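The values are calculated or read from the model by the stated rules, or taken from the named source; none is laboratory data. Keep in mind the model is a prediction, meaning the values are calculated, not measured. Glycine gets a Cβ as well: all are built from the backbone with ideal geometry, and neighbour counts include every protein chain shown. The area values use the complete protein model at the heavy-atom level, side chains included, leaving out ligands, DNA and RNA. Shrake-Rupley method; radii C 1.70, N 1.55, O 1.52, S 1.80 Å.
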Amino acid sequence: MGKIFYIMGKSSTGKDTIYKRLLSDRELGLKPIVIYTTRPIREGEHQGDEYFFTDEEGLEKIQKSGKLIELRSYDTVFGIWKYFTADSPQIDLEQENYLIIGVLDSFHAVRAYYGGDRVIPIYIEVEDGERLQRALYRERREKKPCYQEMCRRFLTDSQDFSEDKIQAEEIYRRFYNQDLEECIREIRAFILQHR
């Protein structure tokens, strides 16, 4: 029986880097589950790698197919951006183990859809001051930095990942990303123990 290892945490905790490193680890043999978004593609992102980039029409098709697992909408400074997970042929839990990246609300929906015994949380933490510095560094590299949106995400994370919500999802094991290599070693051992 396959498992879905679900990486989550506040913005700028290193989730994307950790996700890519774990996927490239042949011994772990994890397959990606890529979620969808209606937000514009960022510099350096590629279709089907970080997200499946789509529009409202693409979202509507998935909704009509009955394959929508979860949907979130964010009122950003650029307008409404939607992120969602869909059940698709990319997921075969009888044959494979998977890795997905997302937020607490999507974790809840994916776990409800596939079952608690198949969806394993991997919660990444970084001290807030360090997170803010990382977010600022990343935003400065954009062609058109939007510090207002960066701040909105940072503040929203405090509500979205409140201690009460983390406890309600029964997430007790956390991985602190102060040292990336050590954090990845700990997560790797955790995955090997639970797959």
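Bridge orientation summary for the chain: considering DSSP beta bridges with both residues in this region, about 35 percent are antiparallel. Sparse packing (at most 11 other Cβ atoms within 10 Å of the Cβ) combined with a DSSP loop state is found for the following chymotrypsin sites (Phe, Trp or Tyr not before Pro) in the stretch 93-195: 172. Please give the net charge around residue 55, taking every other residue with its beta carbon less than 15 angstrom from that of residue 55, where Lys and Arg add +1 and Asp and Glu add -1. Charge balance near residue 55 sits at +1. For the stretch 1-114, the Kirkwood estimate of the hydrodynamic radius, built from every pair of different alpha carbons, is 14.9 Å. Ellipticity at 222 nm from helices only: DSSP H runs of n ≥ 4 in the chain, each -39500 (n - 2.57), divided by the residue count, give -12000 deg cm²/dmol.
For the stretch 111-195, the Kirkwood hydrodynamic radius from C-alpha pairs, put into Stokes-Einstein at 20 °C and a viscosity of 1.002 mPa s, yields a diffusion coefficient of 142 µm² per second. If R0 is taken as 25 Å, the Cβ-Cβ distance between residue 117 and residue 179 corresponds to a FRET efficiency of 0.20.
For the chain, the ratio of Cα radius of gyration to the globular rule of thumb 2.2 N^0.38 Å stands at 1.00.
When the accessible area of the chain is split by element with a 1.4 Å probe, what percent falls to carbon and sulfur?
Of all accessible area on the chain, carbon and sulfur atoms account for 48 percent.
Modelled label-to-label distance, residue 90 and residue 17, 7 Å Cα→beta-carbon offset: nm? Label at residue 90, label at residue 17, 2.3 nm between them. What is the gain in length, in nm to one decimal, between residue 45 and residue 163 on full extension, counting 0.36 nm per residue of separation less the C-alpha to C-alpha distance? Between residue 45 and residue 163, full extension yields an extra 39.4 nm.
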